[in-house]
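Each remark here refers to the structure printed beneath this line.
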Amino acid sequence: MAQADRKDNVEPFVFPVKSPYKPENADIVLNGYADFLTQDPASSWVETLRQQGKARVEEFGIPSPKLERWKYTNLFPIEKERFKVQLPAILNPSIPDKLDGIESRLTIVNGIFQPQLSDMPEGLYCGSLKSFIESNDDWLRPYLESQDERVRQFDDQMLMDLNAAYMSDGIVIHVPKNVHIENTIEILSVLAGPVSSHPAILIVVEDGASLTLCERVIGDFGWQNRVNRVHVGSNARLNIFRTQTLSDKAYFTENTVVVQGRDSYLQMLTMTTGAALSRNQYHAFLKGENGECHIDGTYTITDKQHHDTTILIEHMEPHCYSNQTHKGLLAKNARGVFQGKIHVHQKAQKTDGYQLNNTILLSDTAEMDTKPELEIYADDVKCSHGATTGQLDDGPLFYMRSRGIPESVARKIMMQSFLGEVVDKIVDENMKSYCEQILDTWLDNVDKS
Amino acid sequence: MSNATAETIETVKSLDKYEAGFETDIEMEMAPKGLNEDIIRFISAKKEEPEWLLEWRLKAYRHWLKMPEPHWGKINMKPLNYQDAYYYAAPKSSNGPKSLDEVDPKLLETYEKLGIPLREQEILAGVQGTENAVAVDAVFDSVSVATTFREKLKEAGVIFCSISEAVRDYPQLVQKYLGSVVPFHDNKHACLNSAVFTDGSFVYIPEGVHCPMELSTYFRINAINTGQFERTLIIADKGAYVSYLEGCTAPMRDENQLHAAVVELIAHEEAEIKYSTVQNWYPGDEEGKGGIYNFVTKRGICEGRNSKISWTQVETGSAITWKYPSCILKGDNSVGEFYSVAITNGYQQADTGTKMIHIGENTRSRIISKGISAGHADNTYRGLVKIQPGAKNARNFTQCDSLLIGDLCGAHTVPYIEGKNSTAHIEHEATTSKISEDQMFYCRQRGIGEEEAVALIVNGFAREVLQKLPMEFAVEAQKLVAISLEGSVG
């Protein structure tokens, strides 16, 4: 309305503003923080990062469903557990064998790097974040600081701040310029014991280099709140295949920040079957022309499990390509959430963005909430998304049954082929058969009960 | 199509950008500026309203004071100063609608100029039979000035009058249904409307009646610094059918004016309501100065089995559009439809979409949304499809397409899809693209000018929705589409 032009005009009302933040929750997650600091003092710049993170957590708490991107996910179950950070002496939990064909593996237990359980690969720099901080801080520092700034434009990144507050250990993998690592490297992340852990993973693939990673997240208890920072240089190539098969008593939240250069290629595929509550959040910044970014995933969950995938792809330069394919099966009381957003900046002409989310509900009590978003400021783009929610198609089921295939087998075949579109994208054969095996077990169990 | 296309091209050439932008010089009666309980009592007294309605208004007003401003929309605007507006403005000559002969000739002239003849005789004497005529309720600022064809409609048992009259003549009906679909505390703008609504249309179609003609309301904001708050209530009883159309225009002014309307539709068993909107409020000038803030709450409920509600909207005007016509599909087998074309040019902003709430079994909904963005405009589709656990075999199909013209505008899609029933099928598709070079080349090669070619292609893009409009308005809408995009090329 027009500005006040009359003297008898009274003051406009002041409307109450309801804050979406819950600073009162900060105490829960910062419980025992003083102990943590005395146990693990850090160098000055890490100390600054910790303080900044802590200050923000104290101010804003941890995310509540009042925040738009947390609308469908409530962290209350995690708050209820009142996990504390514990910095243990060296732990030796029972860990599975290495995947077939893998020679080197890096292991973290409760967020702490375990050299005795790791075999260092050759041809690249890698190791624990802590050792890198102690020896080589100048190189590392910009990666840990600047990427966070870019993500801080969002007001709901308190889990990332929490991770910074507890910054201590994690994994660093650095592939130098023009180095091609032929062998796949495995990362094993184990949750052991009812504690919270906040590891940071930094993966830097320099210009012209290439790398393939496999990762498994396993464990029975606890909460891992991690931050992955992925940097793919010009003309570099990175494939990451991950499985998260935690027990249904564990919790998993992560923030992945991806920065890609010119002509780079990234594929990140995540299979989720575990955790009582899990949230995978990705922010990908395509900062060079002709970058290609694939973020795919499957989620197969049951009982009272909750899984949330939240993606934001920022197309900042022309000629980039991004693709997201996410497929899921929800059984019993499971709840799935998919929030994907493609943001095309005005400069990013000739963008090609695609996003697909298909979910099959296997029971009437399962719930799927989908929010595929497009935000487009450039006119010469090709962007589309599709989302479906439904049940297994009766037609093919009838076809198979009429040919003597039992119903349970027919259903399994259909579910396998449904997820197959994503699983087939795994180019590492060993990892692919491992993933198929996990899905196989899951599908066998889901129809039994 | 070819006829209409030729017309479109002609229109682009001949017409001014906003032909409804003139102002009628007429003596007005205004309430004092500002908003407080006295103003609400003043409005209520002016309308000679019963006590319960005044109470309801005051309850809404007190609640409104406590509500925060909604900020979730993708809208960039200065905060509203609710005290700097008149909440009641009526032409002095009009003390409530009366017979057409007594209506101020200046008002009739205004509507004539807008292409809405209010004289029944002329239409009756025309070539067209009465079957094709359209009954019009004309709302001028805060009051309804005339309603045509009332007698003829009465014969069929249809009640079509302004809501102020309905409050007086059919208080039971109004009391039963007012606020039943959009409760006063629904959202801030609906709440304000509940407190200060001045006029609007009331339609009641009795059991088994197929309304004999199209009903329509024509809203006109004329006075400076006024807000228009109208309330429309349409009830289709068992097996009834009605098609209703609303149109809106306002003069060109540098100030932003607020228009906060509430529309409630109730469809009983086997009933069908078709609601079409051609919204052409003044969109502001090329620098984004002035224009109407169009904050509208529209919702319909399919109360009974096999009922159907269909929303069709063509949104070309308004500086800011904030509007989500919704359907609550409560009755089994009920159907909800939403067809929308939203065109933004200059500095216009549109945040529009729908909500489909599936509650009953076998409910179906269909959403077709076409957003066209040019100049510096932003166009957002925001929608919700919600399948409740009891909605067995519910089906939804959603398609939102956006077309970008120029590289300074934005197109956004924000769909929320919540599925809680495994037998439900929900499909969603969205695309964003620009006018392809091939299409342009094809037209240009055949001697069609650039602007005409764009108008042609855009009309094709939006055709799926435009076809859903009643015949008379489809042509009108096509012209509007072309005009709205004028100046966006080159």
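Odds and ends about this structure:
- A:N183 meets each of the listed conditions (1) within 13 Å of A:L124 (Cβ to Cβ); (2) among the polar types (S, T, N, Q); (3) part of a strand (DSSP E or B) apart from (3).
- Scan the stretch B:59-80 for residues that are without any contact (Cβ under 8 Å) to a residue 24 or more places away in the chain and under 13 Å from B:L192 (Cα atoms) and the total you get is 3.
- Flag if A:F154 is aromatic (F, W, Y) and assigned to a loop (DSSP other than H, G, I, E, B): yes
- Residue selected from the stretch B:389-421 under the condition touching a Lys or Arg at 6+ places or on another chain (Cβ under 6 Å), of a type outside the set (K, R) and under 18 Å from A:D369 (Cα atoms), by the criterion surrounded by the most Cβ atoms within 10 Å (Cβ to Cβ): B:V414
- For the stretch A:24-67, the candidate set comprises residues that are within 26 Å of B:P79 (Cβ to Cβ) and away from chain B (no Cβ under 14 Å); within that set, the residue that is surrounded by the fewest Cβ atoms within 10 Å (Cβ to Cβ) is A:E59.
- When B:G390, B:G447 are checked against the criterion of being more than 21 Å from the chain's Cα centre (by Cα), without any contact (Cβ under 8 Å) to a residue 60 or more places away in the chain, assigned to a loop (DSSP other than H, G, I, E, B) and on the phi > 0 side of the Ramachandran plot, a single residue qualifies: B:G447.
- If you go through the stretch A:1-58 and keep only what is modelled with pLDDT of 80 or more, of a type in the set (A, V, I, L, M) and touching an Asp or Glu at 6+ places or on another chain (Cβ under 6 Å), you end up with A:A26, A:I28, A:V57.
- Candidate set from the stretch B:450-476 (those that are surrounded by fewer than 16 Cβ atoms within 10 Å (Cβ to Cβ) and more than 21 Å from the chain's Cα centre (by Cα)); member that is farthest from B:E214 (Cα to Cα): B:E450
- Selection of the stretch A:81-140 for residues being part of a loop (DSSP other than H, G, I, E, B), among the basic types (K, R) and within 30 Å of A:L30 (Cα to Cα) yields A:R82, A:K84.
- Residue check for B:E48: under 19 Å from B:E165 (Cβ atoms), of a type in the set (D, E, K, R) and modelled with pLDDT under 90: yes
- Strands (runs of 3 or more DSSP E) completely within the stretch B:238-281 that count 3 or more residues being more than 14 Å from chain A (Cβ to nearest Cβ) and under 21 Å from B:G353 (Cβ atoms): B:241-249, B:262-267, B:272-279
- Output for the stretch B:299-327, where each listed residue is part of a strand (DSSP E or B) and closer than 21 Å to B:Q388 by Cβ: B:R299, B:G300, B:I301, B:C302, B:K308, B:I309, B:W311, B:S326, B:C327
- Residues satisfying the stated conditions in the stretch B:299-314, i.e. among the aromatic types (F, W, Y) and more than 17 Å from B:T354 (Cβ to Cβ): none
- Taking the criterion of being at pLDDT 90 or above and within 9 Å of another protein chain (Cβ to nearest Cβ), the residues of the stretch B:425-445 that qualify are B:H425, B:I426, B:E427, B:H428.
- Selection of the stretch B:304-321 for residues being over 9 Å from the mean Cα position of the chain (by Cα), of a type outside the set (V, I, T) and surrounded by 24 or more Cβ atoms within 10 Å (Cβ to Cβ) yields B:S307, B:W311, B:G317, B:S318, B:A319.
- Matching entry among A:E81, A:E134, A:E103, A:E122 (being buried (at least 16 other Cβ atoms within 10 Å of the Cβ), at negative phi and among the acidic types (D, E)): A:E81
- Note on the stretch A:322-336: residues that are assigned to a strand (DSSP E or B), within 18 Å of A:L443 (Cα to Cα) and in contact with a His (Cβ under 9 Å, 6 or more places away or on another chain) total 4.
- Residue check: A:H307 meets all listed conditions (1) over 15 Å from the mean Cα position of the chain (by Cα); (2) at pLDDT 95 or above but one, namely (1).
- Conditions (1) of a type outside the set (A, V, I, L, M, F, W, C); (2) in contact with a Leu (Cβ under 9 Å, 6 or more places away or on another chain); (3) at the interface with chain B (Cβ under 9 Å from one of its Cβ atoms); number of the one not met by A:G336: (3)
- Flag if B:R220 is modelled with pLDDT under 90 and touching a helix residue (DSSP H, G or I) at 6+ places or on another chain (Cβ under 8 Å): yes
- Considering residues of the stretch B:306-325 that are out of contact with any Gly (no Cβ under 9 Å at 6 or more places or on another chain) and farther than 12 Å from B:S369 by Cα only, the residue modelled with the highest pLDDT: B:T321
- Residue that is farthest from B:L384 (Cα to Cα), among those in the stretch A:53-70 that are in contact (Cβ under 8 Å) with a residue 24 or more places away in the chain and assigned to a loop (DSSP other than H, G, I, E, B): A:I62
- Selection over the stretch B:64-95 of residues that are in contact with a helix residue (DSSP H, G or I) (Cβ under 9 Å, 6 or more places away or on another chain), away from chain A (no Cβ under 12 Å) and not in a loop (DSSP other than H, G, I, E, B) gives a count of 2.
- Selection of helices (runs of 4 or more DSSP H) fully inside the stretch A:353-449 by the criterion of at least 3 residues being β-branched (V, I, T) and under 27 Å from the mean Cα position of the chain (by Cα) returns A:429-448.
- Odd one out for B:I359 among (1) buried (at least 24 other Cβ atoms within 10 Å of the Cβ); (2) in contact with a Leu (Cβ under 8 Å, 6 or more places away or on another chain): (1)
- Tally of residues being more than 7 Å from chain B (Cβ to nearest Cβ) and aromatic (F, W, Y) across the stretch A:366-406: 2
- Listing of strands (runs of 3 or more DSSP E) fully contained in the stretch B:151-223 that carry 1 or more residues being over 15 Å from B:L265 (Cβ atoms): B:159-162, B:214-220
- Filtered by the rule that a residue be farther than 22 Å from B:G346 by Cβ and either modelled with pLDDT under 90 or not in a strand (DSSP E or B) (or both), the stretch B:400-418 gives no residues.
- Residue in the stretch B:9-19 that is loosely packed, with under 12 Cβ neighbours inside 10 Å, at pLDDT below 80 and hydroxyl-bearing (S, T, Y) present: yes
The values are calculated or read from the model by the stated rules, or taken from the named source; none is laboratory data. Note that this is a predicted model, so its numbers are computed, not measured. Positions of Cβ are backbone-derived with ideal geometry, glycine not excepted, and every protein chain shown enters the neighbour counts.
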